[in-house]
1. Please give, to one decimal in nm, the separation of the simple spin-label points placed at residue 4 and residue 66, each 7 Å out from Cα toward the Cβ.
2. At what distance in angstrom do the alpha carbon centres of the stretch 174-200 and the stretch 62-88 lie from each other?
3. How far is it, in nm, from the label point at residue 81 to the one at residue 134 when both lie 7 Å from their Cα along the line to the Cβ?
4. How would 73, 235 line up from fewest to most surrounding beta-carbon atoms within 10 angstrom?
5. Give, in nm to one decimal, the length gained when the segment between residue 116 and residue 21 is fully stretched (0.36 nm per residue of separation minus the Cα-Cα distance).
6. Once fully extended, how much extra length lies between residue 186 and residue 224, figured as 0.36 nm per residue of separation less the alpha-carbon to alpha-carbon distance?
7. Please order 219, 63, 198 by the number of other Cβ within 10 Å, starting at the fewest.
8. Per the Kirkwood formula on distinct C-alpha pairs, the Rh of the stretch 6-241 is how many angstrom?
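Where a number appears in this text, it was derived from the coordinates with a stated rule and is not lab data. Just so we're clear, the structure is a prediction, and the values are computed from it rather than from any experiment. In this analysis, Cβ positions are derived from the backbone assuming ideal geometry, glycine residues included, and neighbour counts consider all displayed protein chains.
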Ligand SMILES: Nc1ncnc2c1ncn2[C@@H]1O[C@H](COP(=O)(O)OP(=O)(O)OP(=O)(O)O)[C@@H](O)[C@H]1O
Ligand SMILES: [Mg+2]
């Protein structure tokens, strides 16, 4: 794939939960190859739902519009196939997977990196023989999720609040690992793409964002410089941001 090619294109998307309640509407979004987009938005706006829809969870049903990845309409394509196509996701609240050890999931997904090396890097060596997420603390879950993504090596990574619950030291670790997923080079150029949801904006200090956007009232209202959007939200809040005509 050539540089600056569109990786993810969302057109006029409408999502209904179970085909009934509208949770996203009139939503358009483009993420190019090697581009990192950060997404802000108030609680309940629909950010996590958007990630779930891109990943293909069936209850988040596309009732209008299209999600196109690598030029292919994702309609009817299962979650596992989407993962194989190169989409990876970190959940806001991932489930505990009983009966599956963290080592198994890393080895299964591991196309590239050695499981023990990854575990050491993410300070999770003693967690490898535990069931995935079982009894993990909030910060341990985020490290485990980012490690699983490293093993998967997706082309588009969807991160739902990666810094939430992570202490400052581990935030640096998580940020470095995200940058490895994105394959950041010396010039801070990235090979892989990301859509990252954040409330705190901390992630902006560790991952270089190309763009930001704001998801409010079930749709994307603003695509702009990530730091400027964040500053505006801090200064005037979401409601006043909505009055902006830009
Ligand atoms: N599986 C579900 N069952 C019922 N309601 C749902 C489900 N998924 C999403 N919703 C509802 O859809 C709306 C959007 O939820 P979503 O989790 O996408 O918000 P969010 O923008 O991620 O919020 P937050 O910042 O709090 O994480 C909320 O009102 C939520 O209750
Ligand atoms: Mg959410």
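1. So the two model labels end up 2.3 nm from each other.
2. When both Cα centres are located, 22 Å separates them.
3. Taking the simple label geometry, residue 81 and residue 134 are separated by 3.3 nm.
4. By the 10 Å Cβ count, ascending, the order reads 235, 73.
5. Going from the current span to full extension adds 29.8 nm.
6. Net length gain for the segment: 11.2 nm.
7. Working: 219 19, 63 13, 198 24.
With the sparsest Cβ surroundings first, the list reads 63, 219, 198.
8. Working: mean 1/r = 0.0554 Å⁻¹.
Kirkwood hydrodynamic radius for the stretch 6-241: 18.1 Å.
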